[in-house]
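Only one structure is covered here, and it is reproduced in the block below.
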Amino acid sequence: MRRHLIHFLLVTLLMVSYATAAVAQTTVKGQVVDAESGEPLIGAAATVVGTSQGAVTDLDGNFTLKVAPNATLVIKYLGYKEFNLKSAANL
């Protein structure tokens, strides 16, 4: 009986380890600024394509998101052209 319990616990541990590795995420930090003036854009939306994940920039134009390694980010701000970052892993 004890041997079955040990096997069960080992298999469970391996499954949890695999699941954790499968959903690995990368933290992406960035700053959104105006290309001409260099001023930070307060309240710009940074979203991950195909998910409901997103963040809004702070007073300095900074944002932080946890994303999949090959996620595509979209930056939107009222009055500006939409900007796509094709691969978060390359930032």
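Listed from fewest to most Cβ neighbours within 10 Å, the set L85, L73 follows the order L85, L73. Fewest-first ordering of F83, F63 by other beta carbons within 10 Å of each residue's beta carbon gives F83, F63. Taking amide H positions as modeled 1.01 Å from N, with prolines and chain starts lacking one, the residues under 5 Å from A44 and 5 or more places away or on another chain are T57. As a rough footprinting exposure proxy, the listed residues T27, T57 were ranked by other beta carbons within 10 Å of their own, and the order from fewest upward is T27, T57.
Less than 15 Å apart at the alpha-carbon level, and either on another chain or at least 8 residues along: which aspartates and glutamates does that give for K66? List returned: none.
Each reported figure results from applying straightforward, stated rules to the coordinates on display, with no laboratory input. These numbers were taken from a predicted model, which means no experiment stands behind them. Please note: Cβ atoms are built from the backbone with ideal geometry, for glycine as well, and neighbour counts cover all protein chains shown.
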